[in-house]
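Presented below is the structure to which this report refers.
What follows is calculated from the coordinates using simple rules that are stated; it is not laboratory data. Predicted model only: the values in this text are computed from it and were never measured. Ideal geometry is used to build each Cβ from the backbone, glycine not excepted, and the neighbour counts take in all protein chains shown.
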Amino acid sequence: MTKRLIFAAILLAASVSSSRAEISVTDAVGRTVKLQKPAERIVLSDGLDVVAFSMIDPAPAGRIVGWSRSRLDDEAFAAFRRHDQRFASIRSLGSVKPGTVPVEAIIALRPDLVIFGTEFSSTESSLASLEAAGIPVAILGLAPSIRRMEGETGLEKFGRLVGRESQSKQFADFFRERVDRIRLKVRSQPPSPKPPVLLEAHAGGATCCMSPGKGEGIGDFVTLAGGDNIGADVIPGMAGTLSLEYVLARKPQVWIATGGPYMAARGGLVLGENRSAEEALDTLRKLAARPVLSQIPAARSGRVHGIAHTLTTSGMNIVAIEAVAKWVAPELFGDLDPQETLQILERRFLGFHMGGTYMISLPSNRAGGEVAK
């Protein structure tokens, strides 16, 4: 009888241990992050990660206790708040960047998981302070990446940490399938010159032209579509400034500008949440008519396009990837409909309609783009 009781106790202990199985992931810098159960009180160093979080969880506001809203503009925040009023109660932590992490404020929120973006390194001093307080920290990029298509994505790892593994895999598969469709179509074409593409980030500022370089981002979208990001040839990092002389010499055939509501005060490209197609098109026309730049081949042929900057850097970036492909190679990707993809994301993953205008093209080139509403 005693042996039977001991055996039963062992089985019970094993069952309890199994039900409390440890969650373990390796983050972007090779650190092992372990949780005893899915996180319920989460701090995001980048509020824009709420877009990716929303793709795998219908109610992320119920689990986010603190965030930095520095990259989540007011109008995007308002759209999320309309969907779930709990977003208004999330503690704002100001700017959370390497070297400026408000450790005490984060500890006071009693989180069971902190997510730092990939701009952080394993030597970040705040990591040790937070972990000494018993708070797990993972360095992960939640927005999908063309450069990291193999293996488990950052969002899939995050999905495991928050108990949304199945949902994160579904979204990752959706992203991979659409990117592979573009990649395979480009590879199937005979070798040909790559069209030079001018990417103007935060277009319309005082200086022209701020451009992505070799760093990860929208420049990768151009490369994927078979184009040549002219900024990558002279800017080794994430971004820099191109001279007008260089832009003229490169003779870009396609011009893609990024912007958002925040550019209204700077006289730049304005589009995004609560912005009409008419307003977006008007600001794009003004950009294309600027002295000197109006003489580049892209402007003369009407191949000028605009896209919301947050669309290129958030969890919805597959929409930007498809838009760039269609603009760079309209004859190859005429069947792509990025506006429809945006609607699919809203219905299938996000769960609500953002509203506004996120992509725009000069009317003279409707074959390579669309006025998106």
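Brief remarks on what is shown
- Under 5 Å between amide hydrogens, built in the peptide plane, is the criterion, and for Leu113 it picks out Arg41, Val43 among residues at least 5 positions away or on other chains.
- Shape class for the chain: prolate, because the ratio a/c of the largest to smallest gyration tensor axis (alpha-carbon atoms, square roots of eigenvalues) is 1.5 or more and a/b beats b/c.
- Separation between Cα centres of the range 173-224 and the range 229-301, rounded to whole Å: 15 Å
- Residue by residue, the range 62-72 carries 3J(HN,Hα) couplings of x, 10, 7, 9, x, 6, 9, 9, 4, 9, 9 Hz when phi is fed to the Karplus relation 6.51 cos²θ - 1.76 cosθ + 1.60 (θ = phi - 60°); x denotes Gly or Pro.
- For the residue pairs Lys194/Lys326; Lys194/Lys214; Lys185/Lys251; Lys157/Lys214; Lys34/Lys157; Lys214/Lys251, alpha carbon separations beyond 21 Å are given by Lys185/Lys251; Lys157/Lys214.
- Taking the helices alone, the chain has a mean residue ellipticity at 222 nm of -10500 deg cm²/dmol, built from -39,500 (n - 2.57) per DSSP H run of at least 4 residues and averaged over all its residues.
- Charge dipole of the chain about the Cα centre (unit charges at C-beta), most positive-ward option of Ser145, Gln170, Pro261: Gln170
- If R0 equals 56 Å, the separation of the Cβ atoms of Arg41 and Asp337 corresponds to a calculated FRET efficiency of about 0.90.
- Residue ranges 163-170, 245-252 sort as 163-170, 245-252 when ordered by packing (mean number of other C-beta atoms within 10 Å per residue, highest first).
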